[in-house]
Amino acid sequence: MKKIQILRLVFENHFSLDEIPVVRAAIARAIPENDVLFHHHRDDELLLYHYPLIQYKLKGSRLMVTCIEQGFESFQQFMNLNHWTLDIHQQSTTLQVDRVYLNRFTLQVFDVSSTYFLSNWMALNEENYKKYFSTPALVERVQLLERILTAHILSFAKGVGWLIDKPIKVVLHDLVKERWSTYKGIQFFTPDILFSTNVSLPNDIGLGKAVSVGFGMVERVKNQANIPYTLNQRQDEPAKR
């Protein structure tokens, strides 16, 4: 069990998913100090591969920033600026806050599972991509995705300093929507999925790759009628990479 602090800021400004990296870079440039949590580079220009504690997402089409633990302290640098006017696509854009949520969340492993919706999940690296689409059996594909999702949950836990010392369960219930997204000029398989786990997960955190720029957003499902897509919407053919 571990308690973490999560700040979520929902802005009035509307963006598309492919604009989120541009917004993230603009905010990083606005910070007077070189804070590694904003851009995941060290002074020696090496990338840091750890779970991002500042994540830029879309709530509907509105910009949302999720700050976890130390990410909250770092993002205060931006909040303390006199103005929030950014250079985005060579135009000045002023961010306007609509809502602010500051919560403490208890992470724990339960005996029973809860259901979650995971949108735009960037699950597959190059090796797993080949394995997934060369596997004809649906049950084996599901098992592969469950193993990957389990690893992503453990990566989140490690990133917030939570050592899970109990067995965790992950069950993939449905590929709600299969889609392809372009990131850094490459097409990625980024489905929406419905899954259950006995690990408590906060709303609006990311799981998987590229969670700092809007991919893999978690939302707990209390009523499956609230899932934003029809179940079993399928698009089975992989895109060319």
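The values are calculated or read from the model by the stated rules, or taken from the named source; none is laboratory data. Quantities reported herein were computed from a predicted structural model and do not represent experimental measurements. In this analysis, Cβ positions are derived from the backbone assuming ideal geometry, glycine residues included, and neighbour counts consider all displayed protein chains.
Is it true that Asp111 is more than 19 Å from Val23 (Cβ to Cβ), in contact with a strand residue (DSSP E or B) (Cβ under 8 Å, 6 or more places away or on another chain) and not in a helix (DSSP H, G or I)?
It is true that Asp111 is more than 19 Å from Val23 (Cβ to Cβ), in contact with a strand residue (DSSP E or B) (Cβ under 8 Å, 6 or more places away or on another chain) and not in a helix (DSSP H, G or I).
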Criterion violated by Asn125 - all others in (1) over 30 Å from Glu69 (Cα atoms); (2) modelled with pLDDT under 95 satisfied: (1)
Matching residues in the range 127-140 - criterion: being assigned to a helix (DSSP H, G or I), out of contact with any Leu (no Cβ under 8 Å at 6 or more places or on another chain) and more than 11 Å from Phe189 (Cα to Cα): Glu127, Lys130, Leu138, Val139, Glu140
Top-ranked residue in the range 168-182 [being modelled with pLDDT of 95 or more and not in a strand (DSSP E or B); ranked as farthest from Leu107 (Cα to Cα)]: Lys169
Exception for Gly161 within (1) surrounded by fewer than 18 Cβ atoms within 10 Å (Cβ to Cβ); (2) over 21 Å from Ile20 (Cβ atoms); (3) within 17 Å of the chain's Cα centre (by Cα) falls at (3)
Scan the range 94-142 for residues that are buried (at least 16 other Cβ atoms within 10 Å of the Cβ) and free of Cβ contacts under 8 Å to residues at least 12 places away in the same chain and report the count. 1
Across the range 183-241, which residue is modelled with the lowest pLDDT among those that are over 15 Å from the mean Cα position of the chain (by Cα), of a type in the set (Ser, Thr, Tyr) and in a loop (DSSP other than H, G, I, E, B)? Thr230
Consider Glu69 against the criteria (1) farther than 16 Å from Ile6 by Cα; (2) surrounded by 10 or more Cβ atoms within 10 Å (Cβ to Cβ): it satisfies all of them except one. Which criterion is unmet? (1)
